[in-house]
Amino acid sequence: MAELVREIMIDATPETIWPFLTDPDKHVEWEGTVAEIDPRPGGVYRVLVAGEFQSGGEFVEVVPMEKVVFTFGWDQEGHPIQPGSTTVEITLHPEGDKTRVRLVHRGLPDDAVEQHGHGWGHYLGRLAVRAAGGDPGPDRRPEEAG
Amino acid sequence: MYAALKALAEPRRREILRLVWAGELPATDIADHFADVTRSAISQHLSVLKEAGLVTERRDGTRRLYRAERDEMKKLRRFLDEYWTIGLERLRDVAESAQREKEKH
């Protein structure tokens, strides 16, 4: 089993960041196009990424302004990373006026990377645009994005 | 990288990769695994995977043997890292913008 850890410093308070994690309307401002989010243990976490890839899971732990833990997978028949099979933990650590956001994605099978490649191939293009200093624009279906 | 991601978008090619992940297999064994797919279609899938650098081919007499190229998969792993990095950068952008709005009022 493998895990990914990512951190970023955000010039905003946990109170400002929190709704972007737990309010579906705010969530789609940064990830996904349709989100169904019920932030309480056992509540649903479903985000439609790039208009076509349905991620799904449920909340395991919710500590307001501090932490969300939800299970995560792809809602496609036969997909080896099924909803609920991996866990994403996002924690908020205030540091002065800023907040350090830490994301840990646990339980990834070591050989499942190719499966992610399918759902996330779309992002490679966005990454390339961004790496070149451009703005990839809102997250849309690959065919719409041209 | 684009070739690899495109190659992996096809479910049968992902299935082939799983088959040859643990060890080398001849093309005939791979084709036998797919009852509903013609040998020429499997051969085509193997070419795509090979061109994308995801499998390597070795000849042994008239047989062709394939195995997964794990180093290439590691590159895809790095891509997955980038997926979350981009997500968090977008979160930062929208949260910082919301923070500035709050401070104005």
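Between B:R64 and B:V37, the simple label model (points 7 Å from Cα in the Cβ direction) yields a spacing of 1.4 nm. Compactness of the range A:27-72, taken as the C-alpha radius of gyration over 2.2 N^0.38 Å, stands at 1.12.
How high is the FRET efficiency from A:D75 to A:V5, r the C-beta distance, R0 22 Å, rounded to 0.05? FRET efficiency, A:D75 to A:V5: 0.30.
Coordinate-derived values only; no laboratory data. Worth saying up front: this structure is predicted, and the values here are computed from it rather than measured. Cβ: placed from backbone, ideal geometry, glycine included. Neighbour counts: every protein chain shown.
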